[in-house]
Amino acid sequence: MNLTCIECPKGCMLTIEKTDAGVIVEGNDCIRGKRFGEKEVTNPTRTIASTVKTVFEKMPVVSVRTSSEIPKGLIFQVMDEINKVVVKEIYPAGTILIPNVLNTGSNIIITTDMTKILK
């Protein structure tokens with residue numbers, strides 16, 4: 001498998017092979033690339049950044065993200081959950097909108113301080 005590492009700005013071209021003895025990663029310039037390659041073939045995860053609708057005309061959407069990485073295979077299901085939410089109150093950044101989304105251990109949190117924009 002060939003991948004571009006996304007762990008740092010270098011974007012190393014990785015060659016990854018899963019064997020009975022483990023995972024072999026080549027092409028990485030740092031240890032982060034090795035870990036990324038191993039994780040991509042054993043348990044790929046991602047962080048989601050998105051927006052949620054609000055009821056506020058001055059701020060029709062507010063930015064949100066996952067508090068930690070989630071399994072890559074759940075991205076679309078998590079987005080479905082995010083898209084169900086409509087914010088009806090003014091919250092500071094860091095407020096949890098969806099705790100433990102889809103039992104991933106990750107929360108959906110607001111990343112914009114609405115209290116500073118909607119005074």
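The values are calculated or read from the model by the stated rules, or taken from the named source; none is laboratory data. This one's a predicted model, so the numbers in the text were calculated from it and none came from an experiment. Glycine gets a Cβ as well: all are built from the backbone with ideal geometry, and neighbour counts include every protein chain shown. Quick note on the areas: whole protein, heavy atoms, side chains included, nothing else; ligands and nucleic acids left out. Shrake-Rupley method; radii C 1.70, N 1.55, O 1.52, S 1.80 Å.
Give the residues of the stretch 77-101 that are assigned to a helix (DSSP H, G or I) and open to solvent by less than 70 Å² (accessible area, probe 1.4 Å), sorted by residue number.
As a first pass, look at the stretch 77-101 and keep what is assigned to a helix (DSSP H, G or I): 77-83, 101.
V78, M79, E81, I82, V101 - these are the residues of the stretch 77-101 that are assigned to a helix (DSSP H, G or I) and open to solvent by less than 70 Å² (accessible area, probe 1.4 Å).
Assigned to a loop (DSSP other than H, G, I, E, B), more than 21 Å from K119 (Cβ to Cβ) and touching a residue at least 40 places away in the same chain (Cβ under 8 Å), is that true of S68? Explain how you work it out, then say what you get.
Working: assigned to a loop (DSSP other than H, G, I, E, B): yes; more than 21 Å from K119 (Cβ to Cβ): yes; touching a residue at least 40 places away in the same chain (Cβ under 8 Å): no.
It is false that S68 is assigned to a loop (DSSP other than H, G, I, E, B), more than 21 Å from K119 (Cβ to Cβ) and touching a residue at least 40 places away in the same chain (Cβ under 8 Å).
Test F36 against the criterion of being modelled with pLDDT of 95 or more and either at positive phi or over 13 Å from the mean Cα position of the chain (by Cα) (or both), and give yes or no.
On the way: modelled with pLDDT of 95 or more: no; either at positive phi or over 13 Å from the mean Cα position of the chain (by Cα) (or both): yes.
So F36 does not fit the description; no.
Which one is farthest from T51 (Cα to Cα) among residues in the stretch 63-76 that are open to solvent by less than 60 Å² (accessible area, probe 1.4 Å) and among the small types (G, A, S)?
Taking the stretch 63-76 as the starting set, the residues that turn out to be open to solvent by less than 60 Å² (accessible area, probe 1.4 Å) are 63-64, 66-68, 70-71, 74-75.
From the residues that got through so far, the ones that are among the small types (G, A, S) too are 63, 67-68.
Working: S63: 4, S67: 14, S68: 16 Å.
Top of the filtered list is S68.
Looking only at strands (runs of 3 or more DSSP E) that lie completely in the stretch 1-58, which have at least 1 residues being open to solvent by less than 80 Å² (accessible area, probe 1.4 Å) and touching a residue at least 60 places away in the same chain (Cβ under 8 Å)? Step through it out loud before you land on a result.
Details: elements: 2-4, 13-19, 22-26, 49-56.
In the stretch 1-58, 49-56 are the strands (runs of 3 or more DSSP E) which contain 1 or more residues that are open to solvent by less than 80 Å² (accessible area, probe 1.4 Å) and touching a residue at least 60 places away in the same chain (Cβ under 8 Å).
Please go through the stretch 72-93 and pick out each residue that is of a type outside the set (D, E, K, R) and farther than 19 Å from R46 by Cα. Give the derivation first.
First, pick out the residues of the stretch 72-93 that are of a type outside the set (D, E, K, R): 73-79, 82-83, 85-87, 90-93.
Result: V85, V86, V87, I90, Y91, P92, A93.
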